[in-house]
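S.K.: Below is one structure. I have some questions about it.
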Amino acid sequence: MKTTIFLIIILFSFNKLEAQPPLYTDLFTLYVGGEYKKLVDKAEKYTLKQETKNDALPFVYLSKSLFKISQQKNRESKYKDAYDQSIYYLEKCIEKDITKEVYDKETEFYMEVKETLIAYILEEFKDKSYKKALEYNNKLKTLYPEDIATILMEGALKKFTKDLPGAMIVWNENQNALEKLTNLDYYSEKEKEFLKLAVIQTIEGLKSVKQPERARNITLKANTWFENEEDFKSVFETVK
């Protein structure tokens, strides 16, 4: 009888252990060791296995490793789209990270990705490659759907890519978006630069479709943050 009870306890403990989700220490070890290519292969297998395909962690490790590979100048041709793949898997991670536990642990990585996307948007905008800038902005919007600068920039870029009806929809649906922002205390310098450009282009866009009052309201709100910026001052003078 005692032997039977003991076996039942062992079996129960084993089943309970099997039911525990993996800790993915193997992925962590590979990442810390800089074994990014091995990590890609290992993490991808987890994303395909029935038992782990809905776990967010393998997807963020896959994204992180591809992001690192994308920064390598002499990477293999098979990794030529590593950056876009990194964004793709981060989007998948977000879908599966229902509790936001992974996001809380990987905030620094999320911000790193966000700032690279912002840098690409600013660069493409400066080069007047508006279609490409919109593509990057759409990726950023997928990661941060409520980011105000990204939303406003979408409207501006739609206008520049000859989609004025689309731009009007964005502006009409988000005409009070800036009211949600009380301060920029937690914004990085890159985020502030991006917001300023998005605001300026929104103002210019609204002026071009003969909506000066809305342009003025946005200008007055943004003046709180950018009143000492020369490029914003120039816009402010035209609507005050």
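The values are calculated or read from the model by the stated rules, or taken from the named source; none is laboratory data. Predicted model only: the values in this text are computed from it and were never measured. Here the Cβ positions follow ideal geometry from the backbone for every residue, glycine too, while neighbour counts run over all protein chains shown.
S.K.: Identify, please: which residue in region 114-147 is surrounded by fewer than 21 Cβ atoms within 10 Å (Cβ to Cβ) and β-branched (Val, Ile, Thr) and is, among those, farthest from the chain's Cα centre (by Cα)?
M.R.: Ranking the qualifying residues of region 114-147, first place goes to Thr116.
S.K.: Has region 7-26 got any residue that is at pLDDT below 95 and under 24 Å from the mean Cα position of the chain (by Cα)?
M.R.: yes
S.K.: Restricting to region 210-240, name every residue that is surrounded by fewer than 14 Cβ atoms within 10 Å (Cβ to Cβ), small (Gly, Ala, Ser) and either under 26 Å from the mean Cα position of the chain (by Cα) or within 18 Å of Trp171 (Cα to Cα) (or both).
M.R.: Hits for region 210-240: nothing passes.
S.K.: Using beta carbons and a limit of 9 Å, which pairs, at least six apart or on different chains, have the first residue in region 129-145 and over 15 Å from Glu112 (Cα atoms) and in contact (Cβ under 8 Å) with a residue 24 or more places away in the chain and the second one surrounded by fewer than 18 Cβ atoms within 10 Å (Cβ to Cβ) and among the aliphatic types (A, V, I, L, M)?
M.R.: Cβ pairs passing all conditions: Ala133/Leu122.
S.K.: Right, something else. Pick out the one residue from Thr202, Thr238 that is assigned to a helix (DSSP H, G or I), closer than 28 Å to Pro165 by Cα and modelled with pLDDT under 90.
M.R.: Thr238
S.K.: Here's something else I'd like to know. Does Lys68 satisfy being part of a helix (DSSP H, G or I) and under 17 Å from Gly34 (Cβ atoms)? Step through it out loud before you land on a result.
M.R.: Working: part of a helix (DSSP H, G or I): yes; under 17 Å from Gly34 (Cβ atoms): yes.
For Lys68, the condition - part of a helix (DSSP H, G or I) and under 17 Å from Gly34 (Cβ atoms) - is met.
S.K.: Shifting gears a bit: If you take the residues of region 27-64 that are part of a helix (DSSP H, G or I) and of a type in the set (Asp, Glu), which of them is nearest to the chain's Cα centre (by Cα)?
M.R.: Per the stated criteria, the residue is Glu44.
S.K.: Please indicate, with yes or no, whether at least one residue in region 155-170 is over 19 Å from Tyr24 (Cα atoms) and in contact with an Asp or Glu (Cβ under 7 Å, 6 or more places away or on another chain).
M.R.: Within region 155-170 (the criterion being over 19 Å from Tyr24 (Cα atoms) and in contact with an Asp or Glu (Cβ under 7 Å, 6 or more places away or on another chain)), the answer is yes, since at least one residue qualifies.
S.K.: Same structure, new question: Within region 30-64, how many residues turn out to be in contact with an Asp or Glu (Cβ under 8 Å, 6 or more places away or on another chain), of a type in the set (Val, Ile, Thr) and farther than 17 Å from Phe109 by Cβ?
M.R.: Summing the residues that are in contact with an Asp or Glu (Cβ under 8 Å, 6 or more places away or on another chain), of a type in the set (Val, Ile, Thr) and farther than 17 Å from Phe109 by Cβ in region 30-64 gives 0.
S.K.: Of all residues in region 85-100, count the ones that are surrounded by fewer than 17 Cβ atoms within 10 Å (Cβ to Cβ) and farther than 18 Å from Pro145 by Cα.
M.R.: The qualifying residues number 0.
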